[in-house]
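Notes follow once the structure below has been shown.
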Amino acid sequence: MLKKLLLLSCMVLLTGCQSAYYSAMEQVGVHKREILVDRVENARDAQGEAQEQFKDALEQYRAVVQFDGGKLETLYDRLQAEYDDSVEAADNVSERIKGVEQVAQALFEEWEEELEQYQSANLRAQSAKQLKDTKNRYTALLRIMKRAEQRMQPVLSALNDNVLYLKHNLNARAVGALKGEFAGIQQNIDRLINEMQRSIQESDTFIRAMETQ
């Protein structure tokens, strides 16, 4: 029961903070629509950075499986660092997407409420259509963002398994085992990067539509 109450309190506090933030931004002329565009841009940029990070992790993995003498522990340290950076990049993507969801929900709720304030039926209908179109574009964008986000965790789990295995077996046999895993890791990272690229492109399309709407 205590855990549930604490969780509820945190949710209320977070909602209150978001509401206060939106109100403060509106007072200086920045509305939820602009905040949404800004957060989509941030999510897009975070995914671009994550793409590069996962590429770097793959290249370091390749260096390990191509090991041909020297200090294997040094390669392990580098691979561990790339894995840690990949986790950080993935967390950043997830946080940015969460920010997009929060402001989108607030924007659409406000828009729905404000439709009732119209005296002109014609203008109300036009605004309602605009809202529907924006929701549809946003839903398509979020679906692609989430699909790319969901591909990160299996890649991170596989990388973590291989990093741990190398840590516990710093020898040529371990390198041989990792060689057998490389093709699967590469395939999954390539798929992730492609999904992220689709999400980035969809983000750009969404931003352009919002800016010209």
Would you point out the residue of region 40-79, among those that are polar (S, T, N, Q) and free of Cβ contacts under 8 Å to residues at least 60 places away in the same chain, that is nearest to residue 103 (Cα to Cα)? 42
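Residue-wise test of (1) modelled with pLDDT of 95 or more; (2) touching a strand residue (DSSP E or B) at 6+ places or on another chain (Cβ under 8 Å); (3) farther than 27 Å from residue 80 by Cα; (4) not in a helix (DSSP H, G or I).
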{"site": "101", "(1), (2), (3), (4)": "yes, no, yes, no"}
{"site": "132", "(1), (2), (3), (4)": "yes, no, yes, no"}
{"site": "140", "(1), (2), (3), (4)": "yes, no, yes, no"}
{"site": "159", "(1), (2), (3), (4)": "yes, no, no, no"}
{"site": "175", "(1), (2), (3), (4)": "no, no, no, no"}
Residue, surrounded by the fewest Cβ atoms within 10 Å (Cβ to Cβ), within region 57-81, restricted to residues that are polar (S, T, N, Q) and more than 25 Å from the chain's Cα centre (by Cα): 74
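Residue-wise test of (1) buried (at least 16 other Cβ atoms within 10 Å of the Cβ); (2) touching a Leu at 6+ places or on another chain (Cβ under 6 Å); (3) aliphatic (A, V, I, L, M); (4) at pLDDT below 95.
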| position | (1), (2), (3), (4) |
| --- | --- |
| 1 | no, no, yes, yes |
| 6 | no, no, yes, yes |
| 9 | no, no, no, yes |
| 26 | no, no, no, yes |
| 29 | no, no, no, yes |
| 32 | yes, yes, no, yes |
| 43 | yes, no, yes, no |
| 47 | yes, no, no, no |
Go through region 162-213 and give me each residue that's farther than 20 Å from residue 77 by Cα and among the aromatic types (Phe, Trp, Tyr). 206
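The values are calculated or read from the model by the stated rules, or taken from the named source; none is laboratory data. Only a predicted model underlies this, so the values are computations on that prediction, with no experimental measurement involved. When we count neighbours, we look across all protein chains shown, and the Cβ atoms used for this are built from the backbone with ideal geometry, even at glycine.
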